[in-house]
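Visitor: Here it is, the structure, as structure tokens.
Where a number appears in this text, it was derived from the coordinates with a stated rule and is not lab data. For clarity, every value in this text was computed on a predicted model and none was experimentally measured. Don't worry about glycine lacking a Cβ; one is built from the backbone with ideal geometry, like all the others, and counts go over all protein chains shown.
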Amino acid sequence: MSLGAAEVISKTRNASVGGDKPPLIDIRNLRVTFPSGGAEPKAVLKGIDLAVQPGEIVGLVGESGAGKTTLARSILGLPPSPGRIAGGEVHFEGRQILSLSESELRRLRGHRLSVVVPNPRAELNPLLKVGDQIAAMAKIHLGVGGKEARRMALEILREVQIPDPERRMDAYPHELSGGMAQRVVIAMALICSPAFVISDDATSGLDVTVQAQILALLAKLAADHGSAMLFISRDVGITAHFCDRIAVLFSGEIVEIAPREPLFLEPAHPYTLMLLAAFSHSPKLRDSWSVPDTGRRRERNAGCQYADRCPIAQPVCRTQRPPFAEIGPGHFVRCYFPVRHA
Amino acid sequence: MSAVLTIDNLYKRFPIAGSKQVVQAINGVSLTVEPGETLGLVGESGSGKTTVGRCIVGLIEPTAGTIRFRGTDLAQRQQHKAKLAGKIQLVFQEPNESLDPRMKIGDTISEPLLPLKLDRETRRRRTADALRLVRLNPDLLDAYPSELSSGQQQRVGIARAMVTEPELVVLDEPTSALDPTARAEIIDLLRRIQNERNTAYLFISHDLSTVRFISHRVAVMYLGMIVEQGSAETVFNRPQHPYSSGLLSSVMLPHPHLKIESSVSLKGEIPSPINLPKGCFLASRCPFVIDRCRHEMPPAETVGERHTVHCFRHEDVAASVPASDTFNVFMKEAERILGRAGPIGVAPSLQ
Ligand SMILES: Nc1ncnc2c1ncn2[C@@H]1O[C@H](COP(=O)(O)OP(=O)(O)OP(=O)(O)O)[C@@H](O)[C@H]1O
Ligand SMILES: Nc1ncnc2c1ncn2[C@@H]1O[C@H](COP(=O)(O)OP(=O)(O)OP(=O)(O)O)[C@@H](O)[C@H]1O
Ligand code: SF4
Ligand code: SF4
Ligand SMILES: [Mg+2]
Ligand SMILES: [Mg+2]
């Protein structure tokens, strides 16, 4: 391919960093593959570039199977098995995470970098009191004593607004509602004040009322601790109110990334328009941004990954991967024919 | 009585094993659904929505109260078996849970017809009809559920419910496991089927935006009670119960400038239905609470046409924020942003 990869990456760099300061975390050309039946492994992340500033909340949206969880886990050096990191770098606090040893990675995870996943019950040990589980994180990573760890656990439970935190310290996971268990998992992720938090669809199973409270909390904690967050969600609506920038992932590629307002008010990639049209409740809008399902969709190697589903695809789209071009300040789109707004 | 479904003062208690206590899941629910009407049932997790649905379809027995289907008391379901067969159907949240993985799609769809004792030709025609209604490719009749996407699986779930030509379908979060596009397609489908067959729906969902769009009327549930019930437009544009208003305030539309204004932000979670508080159930979370609320249960008050509210201060609640039609404003915005005549291409450039 003749696309100057380095040039594209350096462009991405400037804009996907949303500012002049050095980014807190800098993901460069991250590629992940899964073994497939055939000779070629299946590419699941096809060169992700994403940099996040301190204090910034970046949303990541995309349909089921787009690669969101794969990205979340690969950033921590733990691609879902049997996936493997096929290339790329993740720079964080002066180190390249993907070149660290297993034990160095373990020290980083849960301490400087942490991830909150859905299904909190699977994350908690059913036999241990939640207070002890939270305190254990501080003991392991910060080396504090038992008493201090418990004091910190109680404080973080208060911060995540668990009702009656003193009593909840001694509760077992099964005694908690789903919303409370999710708060406990968030408390565990935050007790060491990590610099970077990844939330992987962690609130989507909760009531909107509880979601709103937890999101406000995560945002406040990020602001208070100067930490940054990658907020993965299938609920696009939440990101419109809660994230500074939003990246749209399609088939293992970021097809569009922009600050919140241009992304929702001037979306440019046909896939983003299709996604937003799905929320509009207008069949007419949806029809104008989708093509009838011919069942012919397949993995593409050359050209635009979205070509089979794109209502405005042209012959050129099928031959070469479109460039990741800046169409407005910090607004990048991987498309030959981005939609322009007056 | 023209209503398809009439529920009168329904109660449901669940005993707790090894304890004298009971779960008071439903505490006096009354509602009606007319032919061809969609009643949206909303409320936080644990408010009792599924329990109401399960009582209607007969999966569980109510503790007290009556449920009538076209005037027939469903407590006598057994006596009226022939008349009721296939008339009330249920669609679940997780499409693959209701589908037998070893059964071909075609057999899954036609299975509910077996008890109706129809001749083979009618069965075949009804199955084909159901398939057409949900726009599934007839090639899929021989497929197994695992070969289908979750959107297609949910179409099968709906076809299976529609095949008996029901007059009432209880849809318990039919779209919450789906991607946005599949969800939108299912919603379109349900509306089209309703237009064609005049089917009544009880549509249970957490997604208020979808409920606003699909429902004619809406019932807001809290701790086993319907605290407000009315036309979707009235309840969403000017809620009169603090709980309705609080639920609406947590809706996040995919537009950075559109937020539903409300004087209520709900803190904490729904209390346990084991020891119900005295007085109004919302008192512990309600910013409008007054002394009276803590010892007296507010009665149902009719505040408009088929619009009832259980709150002493509903007038103050209604006056606390100006009426607004945020969902329609959002739809207009979406048309403005997404509805351009056609995408304007720029010359391909590789720089
Ligand atoms: N064990 C595996 N073997 C092969 N491919 C896999 C495996 N696990 C995941 N994949 C592929 O990786 C892709 C990305 O999966 P991933 O779980 O990251 O998606 P996601 O965006 O998190 O989806 P969701 O919204 O459903 O959580 C999927 O399309 C799937 O094909
Ligand atoms: N079989 C049962 N035994 C005991 N308690 C039950 C049973 N079924 C439901 N409950 C309780 O009844 C209450 C209402 O539950 P229900 O499932 O109807 O709520 P819901 O509104 O459908 O919630 P969700 O939104 O989570 O689906 C809950 O407190 C629940 O724990
Ligand atoms: S590059 Fe072509 S096929 Fe791909 S999204 Fe743009 S217009 Fe559609
Ligand atoms: S009756 Fe009182 S506590 Fe209940 S909702 Fe109305 S104001 Fe709030
Ligand atoms: Mg995932
Ligand atoms: Mg339910």
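Visitor: Cα to Cα, under 18 Å, and not fewer than 8 places away if on the same chain: which lysines meet these conditions relative to B:LYS20?
Guide: B:LYS12
Visitor: Could you pull out every one of the aspartates and glutamates with an alpha carbon less than 14 Å from that of A:LYS21, ignoring same-chain neighbours closer than 8 positions?
Guide: A:GLU56, A:GLU93
Visitor: Among DSSP beta bridges whose residues both lie in the protein assembly as shown, state the antiparallel percentage, nearest 5.
Guide: Here the share of antiparallel DSSP bridges comes out near 60 percent.
Visitor: Hey, got the dipole for chain A? About the Cα centre, +1 on K and R Cβ, -1 on D and E Cβ, debye to the nearest 20?
Guide: So the magnitude is around 600 debye.
Visitor: How much space per residue, in cubic angstrom, does the convex hull of the C-alpha atoms of the protein assembly as shown take up?
Guide: Numbers: hull volume 124.9 nm³, N = 693.
Measuring per residue, one finds 180 Å³ for the Cα hull of the protein assembly as shown.
Visitor: Same structure, new question: For B:HIS241, B:HIS216, what's the fewest-to-most ordering of other Cβ within 10 Å of each Cβ?
Guide: The fewest-first ordering by Cβ neighbours comes to B:HIS216, B:HIS241.
Visitor: Just the Cα atoms of the stretch A:119-191, one point each, no solvent: what log10 I(q)/I(0) does Debye give at q = 0.20, 0.22, 0.26, 0.27 Å⁻¹?
Guide: -0.71, -0.87, -1.22, -1.31
Visitor: Assigning unit charges at the beta carbon (Lys, Arg +1; Asp, Glu -1) and nothing else, what dipole magnitude in debye, to the nearest 20, does the stretch A:266-334 show about its Cα centre? Before the final figure, lay out the partial values.
Guide: Working: 10 positive and 6 negative charges, 58 e Å.
The dipole magnitude comes to about 280 debye.
Visitor: Three principal axis extents, largest first, for the C-alpha atoms of the stretch B:127-286, in Å?
Guide: 55, 38, 30
Visitor: Another one. How would B:MET221, A:MET180 line up from fewest to most surrounding beta-carbon atoms within 10 angstrom? Walk me through the numbers on the way to the answer.
Guide: Values: B:MET221 25, A:MET180 22.
Going from sparsest to densest Cβ surroundings: A:MET180, B:MET221.
Visitor: Below 8 Å between Cα atoms, with a sequence gap of 6+, how large is the relative contact order for chain A in percent? Walk me through the intermediate numbers first.
Guide: On the way: 630 pairs, mean separation 67.9, N = 342.
The normalised contact order for chain A reaches 20 percent.
Visitor: While we're on this one: Hey, got the average number of other protein chain Cβ atoms within 10 angstrom for residues in A:210-221?
Guide: What the average comes to for A:210-221 is 2.
Visitor: If the cut-off is a Cα-Cα distance under 13 Å, which aspartates and glutamates reach A:LYS129, setting aside same-chain residues fewer than 8 apart in sequence?
Guide: Within reach: A:GLU166, A:ASP170, A:GLU175.
Visitor: Still on this structure, please answer the following. Given C-alpha coordinates of the stretch B:118-161, what is the ratio Rg to Rh with the Kirkwood estimate of Rh? Don't skip to the end; give the middle numbers.
Guide: Details: Rg = 10.7 Å, Rh = 10.8 Å.
Dividing the radius of gyration by the Kirkwood radius yields 0.98.
Visitor: Charges only on Cβ, +1 for Lys and Arg, -1 for Asp and Glu: so what's the dipole of chain B about the Cα centre, in debye to the nearest 20?
Guide: 580 debye
Visitor: Further question: How long are the semi-axes of the equivalent ellipsoid of the stretch A:74-172, defined as square roots of 5 times the Cα gyration tensor eigenvalues? Whole Å, largest first.
Guide: They are 30, 16, 11 Å, listed largest first.
Visitor: Still on this structure: What is the Cα centroid distance between the stretch B:88-141 and the stretch B:191-265, reported in whole angstrom?
Guide: Between the Cα centre of the stretch B:88-141 and that of the stretch B:191-265, the gap is 31 Å.
Visitor: Could you check how many percent of all C-alpha pairs in chain B are farther apart than 33 Å?
Guide: Values: 21154 of 61425 pairs.
So the pairs more than 33 Å apart make up 34 percent of the total in chain B.
Visitor: Determine the principal axes of the Cα atoms in chain A, then give the extent along each, sorted from largest to smallest and rounded to whole angstroms.
Guide: Principal axes ranked by extent give 66, 45, 44 Å for the Cα atoms.
Visitor: Using 21 Å as the Cα-Cα cut-off, could you pick out the over-long pairs in B:LYS81/B:LYS117; B:LYS259/B:LYS332; A:LYS220/B:LYS267; A:LYS68/B:LYS49; B:LYS49/B:LYS117? Kindly include the intermediate steps, with their values, before the conclusion.
Guide: On the way: B:LYS81/B:LYS117 13 Å; B:LYS259/B:LYS332 15 Å; A:LYS220/B:LYS267 16 Å; A:LYS68/B:LYS49 32 Å; B:LYS49/B:LYS117 33 Å.
Exceeds cut-off: A:LYS68/B:LYS49; B:LYS49/B:LYS117.
Visitor: Of the options A:ALA136, A:HIS174, A:LEU190, report the single residue whose Cα projects farthest towards the positive end of the charge dipole of the stretch A:136-207 (beta-carbon charges: Lys, Arg +1; Asp, Glu -1).
Guide: Looking along the dipole axis, the top candidate is A:ALA136.
Visitor: Now, a different point. Count the DSSP beta bridges whose two residues both fall in chain B, then state the antiparallel fraction as a percent rounded to the nearest 5.
Guide: Close to 60 percent.
Visitor: Which one, B:ASN198, B:ASN96, B:ASN137, has the greatest fluctuation when you compute a Gaussian network model over chain B with C-alpha springs under 10 angstrom?
Guide: B:ASN137
Visitor: Comparing A:PHE279, A:PHE34, A:PHE242, which has the greatest mean-square fluctuation in the GNM of chain A with Cα pairs linked when under 10 Å apart?
Guide: In the Gaussian network model the winner is A:PHE279.
Visitor: Rounded to whole Å and sorted largest first, list the principal axis extents of the Cα atoms in the stretch A:209-275.
Guide: 36, 25, 23
Visitor: Which of the GluC sites (Glu not before Pro) found in the stretch A:226-330 are in a DSSP loop and have at most 14 neighbouring Cβ atoms, other than their own, within 10 Å?
Guide: A:GLU299
Visitor: In deg cm²/dmol and to the nearest 500, what is the mean residue ellipticity at 222 nm of the protein assembly as shown if only DSSP H runs of at least 4 residues count, each as -39500 (n - 2.57), divided by the residue total?
Guide: So the calculated ellipticity at 222 nm is -9500 deg cm²/dmol.
Visitor: From Cα coordinates alone, what are the radius of gyration and Dmax values for the stretch B:212-351 in angstrom?
Guide: Cα only, the stretch B:212-351: 19.6, 73 Å (Rg, Dmax).
Visitor: For a quick protection proxy, order the peptides B:262-269, B:273-280 by their average other-Cβ count within 10 Å, most packed first.
Guide: For the peptides B:262-269, B:273-280, the packing ranking is B:262-269, B:273-280.
Visitor: Using a 10 Å cut-off on Cβ to Cβ distances, tally the other chain neighbours for every residue of A:235-241 and report the average as a whole number. Numbers along the way, then the final one.
Guide: Numbers: counts 4, 4, 10, 3, 3, 8, 9.
Average neighbour count from other chains, rounded to a whole number: 6.
Visitor: Moving on to the next point. Could you quote the convex hull projected area for the stretch A:266-334, Cα atoms only and averaged over all directions, in nm²?
Guide: That works out to 5.3 nm².
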